[in-house]
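The values are calculated or read from the model by the stated rules, or taken from the named source; none is laboratory data. Since the model is a prediction, treat every value here as computed from it, not as a measurement. For neighbour counting, all protein chains shown are included, and Cβ atoms are generated from backbone atoms with ideal geometry for every residue, glycine included. Surface areas here come from the heavy atoms of the whole protein model, side chains and all, with no ligands, DNA or RNA. Shrake-Rupley method; radii C 1.70, N 1.55, O 1.52, S 1.80 Å.
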Amino acid sequence: MSADTTTSPKQKGGWWSLSPLAVFLCLYLITSLLVNDFYKVPITVAFLLSSCYAIAITRGLKLEQRVYQFSVGAGNKNILLMIWIFVLAGAFAQSAKQMGAIDATVNLTLHILPDNLLLAGIFIAACFISLSIGTSVGTIVALTPVAVGLAEKTGIDLPYMVAIVVGGSFFGDNLSFISDTTIASTKTQDCVMRDKFKVNFMIVVPAALIVLGIYIFQGLSLSAAPQIQEIEWIKVIPYLIVLGTAIAGMNVMSVLLLGIFSTGIIGIFTGMGFFDWFGAMGTGITGMGELIIITLLAGGMLETIRYNGGIDFIIARLTRHVTGKRGAELSIAALVSVANLCTANNTIAIITTGPIAKDIAKRFHLDRRKTASILDTFSCLIQGIIPYGAQMLIAAGLAGISPLGIIGNLYYPFCMGACAILAILIRYPRRYS
């Protein structure tokens with residue numbers, strides 16, 4: 001490959017460099033809303049066309065070099081790591097379903113939780129698990145199959161139930177001491193995690209309490225769950241292993257591998273055939289095919305936007321007219337939000353904009369603890385509502401529904417964002433503003 005093909009931005013970005021993102025959103029989101037059918041435009045087709053467009057508008061490179069640049073993004077180590085998680089998640093989810101772990105866990109959940117606290121209970125579980133393990137992806141992988149089973153048993157709308165899990169997963173992603181976003185935001189702002197947690201806690205906990213209240217209220221109208229079968233306790237063990245090891249801080253890939261092997265051992269012990277287990281894993285892995293294709297296309301398209309100077313351009317535009325502390329905090333929120341839209345990765349968005357946010361904080365005498373909180377909160381807000389984010393894609397893939405269906409039922413990310421904007425506007429918490 002020619003030596004002049006590098007991964008560093010070589011173009012002076014303009015609005016044109018961000019246009020592939022606009023093409024994707026128009027093709028997928030706006031078209032789906034206009035025809036009132038979220039399945040009319042497959043997300044894979046929307047990404048394929050917008051990716052072709054991104055390659056076409058890249059300047060200064062031959063076609064072969066443009067495709068190479070696109071492939072650099074698709075082959076990014078973070079993209080590939082996410083794909084391995086998708087593969088393991090698909091294998092675990094399907095093998096757990098095959099051997100009866102999901103049904104047993106659903107029955108246990110229905111047995112423990114009263115009907116009117118089912119929605120609130122799932123939300124609390126998602127918040128607690130994500131806070132314990134520090135990752136929204138791990139939480140979604142663990143709880144989405146259970147949410148799907150509960151929706152089938154109770155008649156609750158499936159996208160609504162999955163949205164509860166997705167929303168709750170971002171509570172911990174935003175707050176946890178071991179979350180990548182917490183580590184990235186505190187490191188880039190040179191502040192202590194504990195101090196950032198205090199500021200973050202005061203901003204987002206009111207949002208979580210509001211959403212919890214909504215789920216409690218909506219749960220009051222739930223009809224009684226159908227008569228459940230006797231709980232097969234041994235089949236709950238794979239999920240207990242997954243949740244326990246995840247909460248203990250084990251790497252999500254190791255957690256999923258343990259889950260896969262435990263479903264196989266217990267499944268064979270309870271009557272599932274050895275090759276049935278293999279077949280279930282194969283079905284689960286191939287079922288993730290569309291999700292993997294979307295992830296590769298998204299990675300390539302977003303890298304092309306970055307190479308064309310799109311992220312540098314928007315950062316320069318947003319920081320050009322900053323005046324006063326309130327404007328400075330809003331510019332940091334906008335910076336990390338746009339960077340997250342262009343990278344579909346909240347940790348990378350924070351790392352990209354963190355040094356600039358630190359410079360803005362110094363210039364306008366902002367409290368770095370609140371700056372770190374703003375970076376983390378707004379990156380999680382955008383990551384939680386974009387249809388091409390890893391969390392939304394894996395939840396939609398596991399549930400077999402459209403990402404837009406989940407977004408339409410989300411409460412917590414939007415409420416969290418509203419509280420964060422309000423905190424900037426009213427200078428709250430006052431001590432850190």
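Per-residue answers, yes or no, for (1) at pLDDT 85 or above; (2) in a helix (DSSP H, G or I); (3) open to solvent by 40 Å² or more (accessible area, probe 1.4 Å); (4) touching a Gly at 6+ places or on another chain (Cβ under 7 Å):
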position: ALA208; (1), (2), (3), (4): yes, yes, no, no
position: ILE216; (1), (2), (3), (4): yes, yes, yes, no
position: LYS235; (1), (2), (3), (4): yes, yes, no, yes
position: TYR239; (1), (2), (3), (4): no, yes, no, no
position: LEU243; (1), (2), (3), (4): no, yes, yes, no
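Answer yes or no: is there a residue in segment 270-293 that is of a type in the set (Val, Ile, Thr) and over 26 Å from the mean Cα position of the chain (by Cα). Looking for residues that are of a type in the set (Val, Ile, Thr) and over 26 Å from the mean Cα position of the chain (by Cα), one finds at least one in segment 270-293, hence yes. Taking the criterion of being of a type outside the set (A, V, I, L, M) and within 23 Å of the chain's Cα centre (by Cα), the residues of segment 72-98 that qualify are GLY73, GLY75, ASN76, LYS77, ASN78, TRP84, PHE86, GLY90, PHE92, GLN94.
Of the residues PRO429, PRO413, PRO387, PRO403, the single one that is within 18 Å of ILE79 (Cα to Cα), open to solvent by less than 20 Å² (accessible area, probe 1.4 Å) and not basic (Lys, Arg) is PRO387. Pairs meeting the criteria (first residue in segment 404-433 and farther than 14 Å from VAL199 by Cβ, second residue of a type in the set (D, E, K, R), beta carbons under 8 Å, at least 6 apart or on different chains) are ASN409/ASP157; LEU425/ARG326.
Residues checked against (1) modelled with pLDDT of 90 or more; (2) open to solvent by 10 Å² or more (accessible area, probe 1.4 Å); (3) more than 27 Å from LEU49 (Cα to Cα); (4) not charged (D, E, K, R):
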site: GLY279; (1), (2), (3), (4): yes, yes, yes, yes
site: ASN308; (1), (2), (3), (4): yes, no, no, yes
site: ALA316; (1), (2), (3), (4): no, yes, yes, yes
site: ALA344; (1), (2), (3), (4): no, yes, no, yes
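ILE348 falls short on exactly one of the conditions (1) open to solvent by 30 Å² or more (accessible area, probe 1.4 Å); (2) at pLDDT 90 or above; (3) within 21 Å of PHE177 (Cα to Cα), and that condition is (2). Do we have any residue at all in segment 365-376 that's free of Cβ contacts under 8 Å to residues at least 60 places away in the same chain, in a helix (DSSP H, G or I) and either open to solvent by 30 Å² or more (accessible area, probe 1.4 Å) or in contact with a strand residue (DSSP E or B) (Cβ under 9 Å, 6 or more places away or on another chain) (or both)? Scanning segment 365-376 turns up no residue that is free of Cβ contacts under 8 Å to residues at least 60 places away in the same chain, in a helix (DSSP H, G or I) and either open to solvent by 30 Å² or more (accessible area, probe 1.4 Å) or in contact with a strand residue (DSSP E or B) (Cβ under 9 Å, 6 or more places away or on another chain) (or both).
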